[in-house]
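See below for the structure under consideration.
The values are calculated or read from the model by the stated rules, or taken from the named source; none is laboratory data. As the structure is a computational prediction, the values presented were derived from the model and not from experiment. We place every Cβ from the backbone using ideal geometry, glycine too, and count neighbours over all the protein chains shown. When the accessible area is computed, the model is the full protein with side chains, heavy atoms only, and any ligands, DNA or RNA have been set aside. Shrake-Rupley method; radii C 1.70, N 1.55, O 1.52, S 1.80 Å.
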Amino acid sequence: MFKKIDSNNIPVHIAIIMDGNGRWAKKRLLPRLAGHKAGVNALKRVVDAAKELGVKVMSFFAFSTENWNRSKEEVDGIFDLIENYIDTNYEQLMSSNIKIRTMGDISKLPSSLYKKLIDIIEKTQNNNSIIINIGLNYGSRAEVVRAYNSLINKGAKSITEQELMKELYTFDLPDPDLIIRTSGEQRLSNFMLLQGAYSELYFPKIYWPDFDKKALIRAIINYQKRERRFGSIKQEKK
Ligand code: FPP
């Protein structure tokens, strides 16, 4: 039977660990960067589809605090791709009413990329069809340490859960309803660990560059079959 998406139960926030770019390239005897380039196209495709389906926030893990360990060529290549994405998509981001923001310490990125990020965040700040939240030099543990230090600097001796959550990069965003990691790996790898405390997890085998609208719909239909309880017990049918 043809499965249909329930338009009344679309996840508000979907977060994605875009994994498998290197393997996608290797399978085609291409350099790793060709995989990342195809990954950027997948990101654009998926944002368009998500916006059409009514998703409000998409978070993407583009560069982790651990990704600095990769070769300089690959690291620089990923940064160049992101700069190029900003340069070539400005008009489309504005006409599609897309808001860009980031999580992670972007001040440690190359200064040309840092400046472009600050500029695009500012220019798109009033757009409101969908938010693209990009994890760049991001890791959950560093995020928690940063939040904790910020509270200490404000004079806190002890903190509450709410205060901690308000110091995360995502302080004003809803938690992800669904976290997707492509390529078959089943780990969160330091990604949105606090925000994802109650997220549904989905691990399709597909490599990120192959992810498309169909794959997104499949993920959402899978999500819609889950029963979310947030720690409470199953609701009895009346
Ligand atoms: C993981 O695949 C992918 C990355 C570490 C980089 C992803 C970055 C992009 C697609 C660019 C994002 C662009 C914008 C505009 C935000 P992998 O290299 O670990 O793949 P593998 O496990 O198969 O080697």
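Quick notes
- Residue within the range 197-216 that is under 15 Å from the mean Cα position of the chain (by Cα), assigned to a loop (DSSP other than H, G, I, E, B) and away from the ligand (no atom under 16 Å from the Cβ) present: yes
- If you go through the range 154-195 and pick out every residue that is among the basic types (Lys, Arg), surrounded by fewer than 17 Cβ atoms within 10 Å (Cβ to Cβ) and at pLDDT 95 or above, you end up with 3.
- Close pairs (8 angstrom Cβ cut-off, 6 or more residues apart or separate chains): closer than 17 Å to residue 83 by Cβ in the range 94-121, polar (S, T, N, Q) and open to solvent by 60 Å² or more (accessible area, probe 1.4 Å) anywhere: 114/107
- Of the criteria (1) surrounded by 16 or more Cβ atoms within 10 Å (Cβ to Cβ); (2) over 24 Å from residue 56 (Cβ atoms); (3) in contact with a Phe, Trp or Tyr (Cβ under 9 Å, 6 or more places away or on another chain), which one residue 151 fails: (3)
- Here 127, 137, 133, 84 are screened, and the one residue that is more than 18 Å from residue 173 (Cβ to Cβ) and open to solvent by less than 30 Å² (accessible area, probe 1.4 Å) is 137.
- Where helices (runs of 4 or more DSSP H) fall wholly inside the range 1-98, the ranges with 2 or more residues that are more than 12 Å from the ligand (Cβ to nearest atom) and within 23 Å of residue 139 (Cα to Cα) are 72-95.
- For the range 103-145, residues that are under 16 Å from the mean Cα position of the chain (by Cα), among the β-branched types (Val, Ile, Thr) and within 22 Å of residue 167 (Cα to Cα) total 5.
- Residues of the range 100-133 satisfying the condition of being out of contact with any helix residue (DSSP H, G or I) (no Cβ under 8 Å at 6 or more places or on another chain) and within 11 Å of the ligand (Cβ to nearest atom): 133
- Positions within the range 161-196 being more than 12 Å from the ligand (Cβ to nearest atom) and either among the basic types (Lys, Arg) or at positive phi (or both), in sequence order: 166, 190, 192
- Only residues that are within 16 Å of residue 140 (Cα to Cα), touching a residue at least 60 places away in the same chain (Cβ under 8 Å) and either among the acidic types (Asp, Glu) or not in a loop (DSSP other than H, G, I, E, B) (or both) were counted across the range 163-180, and they come to 2.
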